[in-house]
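Here's the structure, in structure tokens; my notes come after.
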Amino acid sequence: MSKLWWLFPLSGGLYGLAIWYLFDRFDEHSLLFEPLVMFVVTSAYCGWFALTHGRFFVALALSLAVSLLAAGQVAVFQHIVGFAHVDDMAVFAFFTTQAIWIGASIALWRARHVATDIEKTDALSDAPSGTRSDDTQHRRILGVPCWAIGPALWDIKLSLYFGTVSISVFWIMAYVLAELFNVVGFYAFMDFLESLLGGSVLSGAAFASGIMLTREKPQILKVVRQVLGTLYRFFYPVQAAGLFLFLLLGVLGGWEQLLGRDTSIGMVVLGAALWISYLLFGAVQSGATTTLFGRWGDVVFRYSLWMAPVCALAALGCIWLRVDDYWLTPARLYATWLGVYVLGATLWIMRAGMRRGDGMIPRLQRAFGQVVVGGAALAFVAHLPWLDPFSISAFSQKTRLGLLDDIPRADLAFMARNLGKPGEKALAALRGAHPDKVADLQQLREYYPLYQEPDTPSFEEIPVFPQNNAYSERDLRKLMDEDLKYGRLFCDGDKVEKDATGSGHQNRCALLLIDLDGDGQSEAVFFSTRNYAPVFRFLPDQHDWLKLHDMYRETGTDDAPTDAGCPEKR
């Protein structure tokens, strides 16, 4: 083991300390919070996977450049779009694209040095003999052999898995020791474990220790990669058979049902194309050098490669049918970019697999390396200034609504609540052109047409006790719409009795405003058919709600006389 092994857990603890400091000292709405968190996380990733390869100062410069670029992209996004009044799934997609191009850029650096290091001969065994010179002369991207990009990306992913497992093992051990110390009256260790500072520092150190293990024992990664690749070689034919049956049913009349569904169904079909491609990406890492599925199995496999592009085309068609009705939104833009990428990637992989002659596996490995680089480039370009989905969607919606004589208020409310700063600017432009049709920005954000959905009880249908309380209707609606959006799904019960008119009491939820800790401010307790009730505290300076904990009810009391929505039992 290297003499400098202790730098990994030390750096993990320091990174954990930095994350704790940011969450403890900075408000989540601060302009510096998100960029600083991104800088710390990216620098930790680069430090663990880039600094250990190549020249130290060159790797350090690369790590610093990638970390600053990632933090800068978050800062620019926050300035142009902002994280307030933006859909949560779109924010998740933004950070996912960040992770893609950051991870791929460090994988390129790692692949370059692992593939060219004469001491890493096992890495060259991933490509059959006779392909090294071909890679050297014709199959390189930024000096990196294309076939080496896939294994490097898999090694990084498996190292992160080992880090996660290390955290689990550490915390089991730590809590066992803490319980032993409690027996003899030493409670300080348990208190430190349960503190945010202790949890962040120790989790960071444990995570880095797991990564250090894969660095010191790199053969572990190769063995695990080949085992998983062999498993994926088994699952790929099963997935391919299911996908073929899906396409067959579509040809026999199922396409009309598919194209008549909403955008989310298109994402399901796109996910199927992406998953079968991912299975193939894993299968080519199994260490096989001649055939993947046997001589005749490879013949069938080659002709199964057309199914993923067909699914990607079907998904794009389903998505753009909705775009034709409502034009662009951030979700549809993300889905479109992903669909175009999956279509292009699967066609490129099909080209590599369908070529005649020997060497199918090396060709697929090179194709997947090129696909990874293309995906990283698309993920980076997708959030360049004013090319982000929110700015494009705001322009699209402003153009669409400007062409209508009667502007739907629900569409204006969507722009106010989900498109961030570009949506605000678009609404201001629409208000200037149609002052009598576009309401004030705050009024649009308080307009909630979704409360009339039949599957979810509306705000007016959920009783609030006491009715005379210190909270405004706007604050309570915010609690219902954001924090209790999922919890309101549990307001219907199977054991609902019917009254004399024959109609059932469908609502079994209630909101109780009561001071639980004696500080003079009432907390909000939401009761539903679940056996626990979440408790929220109101933050007056932010006009937001913070979840504190859950209060668990006694099991088996769903029919108790105190249940909401059953006045005949009270």
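Table for the structure above
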quantity: Euclidean distance of C-alpha centroids, the range 504-541 and the range 19-51, integer Å; calculated: 34 Å
quantity: Surface accessible to a 1.4 Å probe, per residue, for the residues of the range 406-451, Å²; calculated: 47 Å²
quantity: Per-pair calculated FRET efficiency, R0 = 60 Å: Phe490 and Trp296 via Cβ, rounded to 0.05; calculated: 0.70
quantity: Net length gained if the chain between Leu180 and Val227 were fully extended (0.36 nm per residue, minus Cα distance); calculated: 13.1 nm
quantity: Per-pair calculated FRET efficiency, R0 = 25 Å: Ala410 and Tyr532 via Cβ, rounded to 0.05; calculated: 0.15
quantity: Leu68 accessible area, assembled protein chains, probe 1.4 Å, Å²; calculated: 100 Å²
quantity: Approximate spin-label separation Leu321-Val76, in nm, with each point projected 7 Å along Cα-to-Cβ; calculated: 3.7 nm
quantity: Isotropically averaged projected area of the range 233-387, using the convex hull of Cα atoms (one quarter of hull area), nm²; calculated: 9.7 nm²
quantity: Cα centroid of the range 88-114 to Cα centroid of the range 472-488, whole Å; calculated: 35 Å
quantity: Average accessible area per residue (Å²) across the range 1-105 - probe 1.4 Å, nucleic acids and ligands excluded; calculated: 53 Å²
quantity: Difference of contour (0.36 nm per residue) and Cα-Cα distance, Val340 to Leu32; calculated: 107.5 nm
quantity: Percentage relative contact order, the range 406-451, counting C-alpha pairs under 8 Å, at least six apart; calculated: 49 percent
quantity: Per-residue SASA entry for Ser528, accessible area with 1.4 Å probe, Å² rounded to 10; calculated: 10 Å²
quantity: Cα-based shape type of the range 406-451, given that a ≥ b ≥ c are square roots of the gyration tensor eigenvalues and the cut on a/c is 1.5; calculated: oblate
quantity: Net dipole in debye of the range 233-387 [+1 Lys, Arg Cβ; -1 Asp, Glu Cβ; about Cα centre; nearest 20]; calculated: 540 debye
quantity: Protein-only accessible surface order, largest first, of Thr52, Thr230 at 1.4 Å; calculated: Thr230, Thr52
quantity: When each of Lys157/Lys478; Lys157/Lys425; Lys157/Lys398; Lys425/Lys485; Lys398/Lys547; Lys421/Lys547 is checked by Cα-Cα distance, pairs over 32 Å; calculated: Lys157/Lys478; Lys157/Lys425; Lys157/Lys398; Lys398/Lys547
quantity: Modelled FRET efficiency - R0 51 Å, Val251 with Leu68, Cβ distances, 0.05 increments; calculated: 0.50
quantity: Length gained when the stretch Ile392-Trp5 is fully extended (0.36 nm per residue, less Cα-Cα span); calculated: 134.5 nm
quantity: Computed accessible area, Trp275, all protein chains, 1.4 angstrom probe, square angstrom; calculated: 120 Å²
quantity: Label-point separation, Phe57 to Thr164 (7 Å along Cα→Cβ), nm; calculated: 3.9 nm
quantity: DSSP-assigned coil residues among trypsin sites (Lys or Arg not before Pro) in the range 46-120, each with at most 16 further Cβ atoms within 10 Å; calculated: Arg55, Lys120
quantity: Within the range 378-411, backbone nitrogen closer than 18 Å to the virtual label 7 Å beyond the Cα of Gln443 toward Cβ; calculated: 406-411
quantity: Two-site label geometry, Leu196 and Leu539: point separation in nm, points 7 Å out along Cα→Cβ; calculated: 1.0 nm
quantity: Mean separation of Cα contacts under 8 Å (6+ apart) over length of the range 233-387, as relative contact order %; calculated: 28 percent
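The values are calculated or read from the model by the stated rules, or taken from the named source; none is laboratory data. Not measured: the values here are computed from a predicted model. In this analysis, Cβ positions are derived from the backbone assuming ideal geometry, glycine residues included, and neighbour counts consider all displayed protein chains. The area values use the complete protein model at the heavy-atom level, side chains included, leaving out ligands, DNA and RNA. Shrake-Rupley method; radii C 1.70, N 1.55, O 1.52, S 1.80 Å.
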